[in-house]
Amino acid sequence: MLTHARSDFPDGFLFGAATSAYQIEGHGFGGAGRAMWDDFAATPGNVVRAEDGARACDHYHRYASDLDLLSDAGFDAYRFSTSWARVMPDGRTVNPEGLDFYDRLTDAMLERGLKPMATLYHWELPSALADQGGWRNRDIAGWFGDFTECVMGRLGDRMYSVATINEFWCVSWLSHFLGQHAPGLRDIRATARAMHHVLLAHGTAIERMRGMGVMNLGAVFNMEWAAPADDSAASVEAAALYDDYYNHFFVSGAFKGTYPDRLVAALGPHLPQGWQDDFATITAPLDWAGINYYTRSLLAGNDGPWPHLHAVEGPLEKTQMGWEVYPQGLHDFLVRTARDYTGDLPIYVTENGMSNADQRVDGTVDDPARIAYFNSHLSAVRDAIAKGVPVKGYMAWSLLDNYEWALGYEKRFGMVHVDFDTLERTPKASWHAFKDMLAR
Ligand code: IFM
């Protein structure tokens, strides 16, 4: 069981679960256009078994019973995302069927007493915009602003909160430098441009939504604790650089209007001309910040400038992803983010969870490792709150087993098991543990 109780958290603290459109909805219907993940998955070698999101969990047709799973467990909020390629199949023209889907989904949340926490972009870039350079093209700020106006023109009055972009680092670095996510580039110039443009698009969307009167606006940053693998000066420097490009770059841009010196030195020649002039937009004031947290990395020194190439295996217990379980990192990020960047602004843990090779046996799924993971990370949240950090909510990743991007359907992050042949849902022991905890 979860050793915590709802009553251990401050009044009004929100518990919820998070998902994203491409990972659960199914993208092969409802008038959705091609997304760059369809193309990435169709390229041999990119995704395990070349799996894509065409069917996923078929949430598009099963959203009502999926939302029942949230309300039956007593969750307060649902963090979902709106697919750009569904709403605008070519990136620019509206698909009314797509907007209608999110309208129905919103009403269904409200009917169940669930607070809708929208994320506008969780990686479904329309292929037609990828053709035009995607995140490398500065015009994406305006395109994203138009998409934002379109979606929030329809949903904005019913949202509890709205985030612009999910995980700036993944959109830019993981996808343009490491090449592990769509569009699968490995190019430093593309990376620098994507890093800057994703922040410019974020700021543009915030400005547009402020103009429309949409309330409670934020952004979602993923953070991975970076620690040196040993005491050498080279490893300490490697961890600091990793920390800069993974964890500091995007919050520093959004909240301080600066980029870390190390990165300006490394990426400067590749950043778009006049990048310094964009900070007035990038720093558009926010109402809250979201942190997605899963693990840490140990970095060893090396001769080159990019220490991620020298991440070494750590000694801690690992999840199915091979990620170390390190709850202290969540506590430390909450404290550091409030201290150095966000001050009194509410912070939400917008994602936290683990994948596990869960199996359904006699109609049940026992996942004690996930319950232990939630326990230790909820303790980290409570410790941060006790130190005065204004943490206002915790969203477990994820409601359902789903499409784990380049790793296909093999990695299971859900509190609810999905049989990907029959699409049957089976709440796991961790779902029951939350239900028990939320009632106490
Ligand atoms: O599945 C992803 C999600 O899309 C973004 N955050 C991390 C999760 C687990 O890898």
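The values are calculated or read from the model by the stated rules, or taken from the named source; none is laboratory data. Nothing here was measured: the structure is a model prediction, and the numbers come from that model. No Cβ is skipped: glycine too gets one built from the backbone with ideal geometry, and neighbour counts run over all protein chains shown. Ligands, DNA and RNA are excluded from the accessible area calculation, which covers all protein heavy atoms including side chains. Shrake-Rupley method; radii C 1.70, N 1.55, O 1.52, S 1.80 Å.
Quick notes on this structure:
- GNM result for the chain, Cα springs below 10 Å: residue of G133, G45, G142 fluctuating most strongly: G45
- Residue of A35, A234, A54 that the Gaussian network model of the chain assigns the largest fluctuation, springs spanning Cα pairs under 10 Å: A234
- Amide hydrogen neighbours beyond the local backbone of D187, cut-off 5 Å, H modeled: F177
- Signed unit charges on C-beta, dipole axis of the chain, positive-most listed residue F249, A18, A311: F249
- Once backbone amide H atoms are built at 1.01 Å from N, L14 has G393, Y394 as its partners under 5 Å, excluding neighbours fewer than 5 places away on the same chain.
- Between D340 and D362, the C-beta separation translates, for a Förster distance of 41 Å, into a calculated FRET efficiency of about 0.25.
- Relative contact order computed over the chain (Cα-Cα under 8 Å; 6+ residues apart), in percent: 19 percent
- Probing with 1.4 Å while keeping every protein chain in the model, the per residue accessible area of the range 378-417 equals 25 Å².
- Residue among P327, P126, P44 with the largest mean-square fluctuation in a Gaussian network model of the chain, springs linking Cα atoms under 10 Å: P44
- Net charge over other residues, Cβ less than 12 angstrom from the Cβ of R425 (K, R count +1; D, E count -1): -4
- Other residues with beta-carbon under 13 Å from the beta-carbon of D58 carry, at +1 per Lys or Arg and -1 per Asp or Glu, a net charge of -3.
- Sequence-ordered 3J(HN,Hα) estimates for the range 357-366 from the Karplus curve with 6.51, -1.76 and 1.60 and θ = phi - 60° stand at 7, 5, 10, 8, 10, 6, x, 10, 10, 9 Hz, glycine and proline given as x.
- Between L423 and A54, the contour length at 0.36 nm per residue exceeds the Cα-Cα span by 131.5 nm.
- Calculated on C-alpha atoms, the gyration radius of the range 11-143 divided by its Kirkwood radius gives an Rg/Rh of 1.01.
- Placing unit charges on the Cβ atoms only, positive for Lys and Arg and negative for Asp and Glu, gives the chain a dipole magnitude near 580 debye about its Cα centre.
- The mean of 1/r over all distinct Cα pairs in the range 164-289, once inverted, gives the Kirkwood hydrodynamic radius of 15.1 Å.
- Mean separation of Cα contacts under 8 Å, 6 or more apart, over the residue count of the range 225-315: relative contact order %: 41 percent
- Solvent-accessible surface of the range 1-45, averaged per residue with a 1.4 angstrom probe and all protein chains in place: 35 square angstrom.
- Sparsely packed loop sites in the range 156-211 (the trypsin sites (Lys or Arg not before Pro) outside DSSP H, G, I, E and B with at most 13 other Cβ atoms within 10 Å) comprise R186.
- Electrostatic bookkeeping for H122 treats Lys and Arg as +1 and Asp and Glu as -1; over the other residues with beta carbon under 14 Å from its beta carbon, the sum is -3.
- Shown are T148, T258, whose ranking by accessible area with a 1.4 Å probe and every protein chain present, most to least, is T258, T148.
- Counting every pair of alpha carbons in the range 180-248, the share spaced more than 17 Å apart comes to 63 percent.
- Close amide H pairs (under 5 Å, H built 1.01 Å from N) link E124 with W84, residues at least 5 positions away or on another chain.
- Where both bridge residues fall in the chain, DSSP classifies roughly 15% of the beta bridges as antiparallel.
- Shape category assigned to the chain from the gyration tensor of Cα positions, a/c cut at 1.5: rounded
- Spatial separation of Cα centroids for the range 123-190 and the range 216-234, in angstrom: 22 Å
- For F168, the solvent-accessible surface computed with a 1.4 Å probe is close to 0 Å², ligands and nucleic acids excluded.
- Of the DSSP H helices in the chain, those with a Cα length along their own long axis of 20 Å or more and a mean Kyte-Doolittle hydropathy reaching 0.0 comprise 140-155, 188-212, 368-386.
- Size of electric dipole in the range 107-172: Cβ of Lys, Arg +1 and of Asp, Glu -1, about Cα centre, debye, nearest 20: 160 debye
- Think of each Lys and Arg Cβ as +1 and each Asp and Glu Cβ as -1; about the Cα centre, that makes the dipole of the range 1-121 roughly 180 debye.
- In the range 241-351 the Cα-Cα distances spread across 10 Å bins starting at 0 as 12, 37, 34, 16, 1 percent of all pairs.
- Once you reduce the range 247-293 and the range 359-407 to the center of their Cα atoms, the two points are 29 Å from each other.
- Taking all Cα pairs closer than 8 Å and separated by 6 or more residues, the relative contact order of the range 62-214 comes to 24 percent.
- Here is the P(r) of the range 121-174: all C-alpha pair distances, binned every 10 Å from 0, give 20, 53, 24, 3 in whole percents.
- With the Kirkwood sum run over all distinct C-alpha pairs, the range 116-235 has a hydrodynamic radius of 15.3 Å.
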